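Q: Have a look at this one before I ask anything.
The values are calculated or read from the model by the stated rules, or taken from the named source; none is laboratory data. Keep in mind the model is a prediction, meaning the values are calculated, not measured. Please note: Cβ atoms are built from the backbone with ideal geometry, for glycine as well, and neighbour counts cover all protein chains shown.
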């Protein structure tokens with residue numbers, strides 16, 4: 001009998017030992033990635049942080065002790081993304097949350113190479129955010145803004161440099177274009193020169209593509225969305241001048257007779273720059289590769305093939321736009337028989353059917369005595385000098401509403417217009433959530449395949465980026 005009880009006791013002890021090992025293993029699994037309380041003490045401690053959730057640029061305060069006061073020696077990470085350290089005292093570190101670190105974030109503090117991971121998790125909130133891709137207003141060494149909204153540099157950059165180092169002395173008053181690889185093309189005016197640039201957020205680089213120096217004649221950019229070929233025309237020339245950018249061979253400066261195009265005047269257009277110049281809006285029809293231009297009230301198209309290139313007169317879509325400027329044209333992404341174009345001077349956007357020649361007002365009204373900005377139903381809406389427009393894959397048209405200092409969004413499905421980004425009629429320069437960001441004379445706008453929007457913020461000397469972050 002004693003042997004039987006001894007055998008049972010040994011079996012129970014073995015079972016309890018195995019059960020204890022299993023519990024210990026589970027406990028280790030549940031605490032994987034969190035600090036081990038049995039590890040040796042660090043020279044500093046992190047107790048907790050507040051708040052425990054928020055979007056990009058949320059200020060988070062980490063509480064603890066022995067942090068020191070040397071801000072340069074402190075690094076804080078949300079997962080693998082480094083935060084911006086705002087201030088450091090011996091018992092508090094204040095940081096700004098970086099963009100897109102992940103929805104659940106481990107927070108790690110590193111001081112002089114020593115690391116401590118917080119036991120709390122930070123919940124990151126994804127929201128639509130405006131940031132600066134490149135450029136922006138700059139401050140003097142004393143910290144004051146340059147007078148008259150002018151940056152401190154006197155020359156535009158050349159070569160290839162990091163986006164963060166680029167400063168411009170001219171405004172971005174031409175169209176924006178973005179290709180399938182996320183390269184953003186834009187023009188910066190400096191005196192009689194037009195500098196063409198390519199910016200890429202993935203590589204973090206700005207590349208000077210080329211320069212045009214024809215006095216007051218400005219370049220207007222357009223891109224073939226299928227091939228990615230970038231075109232530019234000079235806006236004050238009866239005979240026309242076409243520049244083509246080839247990704248492999250670089251920028252071709254069009255100065256020879258062979259690279260000029262002429263207009264077919266059989267449609268009875270009046271001659272002279274007033275009719276054929278002022279090409280401040282161009283776009284490319286995806287199905288045919290034709291370049292469409294808006295020439296002070298008249299539409300024209302150019303098929304780039306065998307020379308000589310002859311521009312076609314497509315007529316005046318409606319007498320309401322005769323003799324007026326447009327800075328924005330875009331084809332409907334679902335049907336490229338439909339062309340949308342803005343009329344800057346009258347604050348209106350039109351819809352034009354290339355086949356039927358039918359032209360109807362889509363948004364905006366004659367200025368008259370109406371307020372400069374009315375959201376809601378498209379029929380009663382107003383805009384104030386709408387410039388470039390673009391369209392995403394969700395049937396939305398985005399408008400650079402220049403003098404309202406904001407970005408407007410037209411929902412073709414709902415038949416409405418809203419203020420999408422910026423504070424209406426409030427100029428300034430501020431990144432942040434779309435409801436808090438500020439623009440100053442936005443003139444160019446483009447959207448990439450992922451729905452990221454880029455804005456040529458003219459009087460801020462900057463290219464802005466609007467995306468979920």
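Q: From the list 334, 313, exactly one residue is surrounded by fewer than 17 Cβ atoms within 10 Å (Cβ to Cβ) and over 25 Å from residue 406 (Cβ atoms). Which is it? It would help to see each step written out before you state the result.
A: Values: 313 fails: surrounded by fewer than 17 Cβ atoms within 10 Å (Cβ to Cβ).
Of 334, 313, the one residue that is surrounded by fewer than 17 Cβ atoms within 10 Å (Cβ to Cβ) and over 25 Å from residue 406 (Cβ atoms) is 334.
Q: Next up: Would you be able to tell me the number of residues in segment 198-216 that are within 20 Å of residue 441 (Cβ to Cβ) and modelled with pLDDT under 95? Write out each step before concluding.
A: Going residue by residue through segment 198-216, those that are within 20 Å of residue 441 (Cβ to Cβ) are 199, 216.
Subsequent filtering for residues that are modelled with pLDDT under 95 retains 216.
So the count comes out to 1.
Q: Also: Could you please find all residues in segment 318-343 being part of a loop (DSSP other than H, G, I, E, B) and more than 26 Å from residue 393 (Cβ to Cβ)?
A: Scanning segment 318-343 gives 318, 322, 323, 324, 325.
Q: So if I check each of 48, 36, 57, which one is closer than 26 Å to residue 102 by Cα, part of a loop (DSSP other than H, G, I, E, B) and either under 35 Å from the mean Cα position of the chain (by Cα) or at pLDDT 90 or above (or both)? Let's see the steps before the verdict.
A: Details: 48 fails: part of a loop (DSSP other than H, G, I, E, B); 36 fails: either under 35 Å from the mean Cα position of the chain (by Cα) or at pLDDT 90 or above (or both).
The conditions single out 57.
Q: Quickly run through segment 406-432 and pick out the residues that are more than 15 Å from the chain's Cα centre (by Cα) and more than 23 Å from residue 350 (Cβ to Cβ).
A: Initial filter on segment 406-432 (more than 15 Å from the chain's Cα centre (by Cα)): 410-419, 423-428.
Selection gives 423, 425, 426, 427, 428.
Q: What strands (runs of 3 or more DSSP E), lying completely within segment 365-460, carry at least 2 residues that are touching a helix residue (DSSP H, G or I) at 6+ places or on another chain (Cβ under 9 Å), in the same structural domain as residue 135 (by TED's automatic domain parsing) and farther than 16 Å from residue 343 by Cβ?
A: Counting at least 2 such residues, we get 416-421, 442-447.
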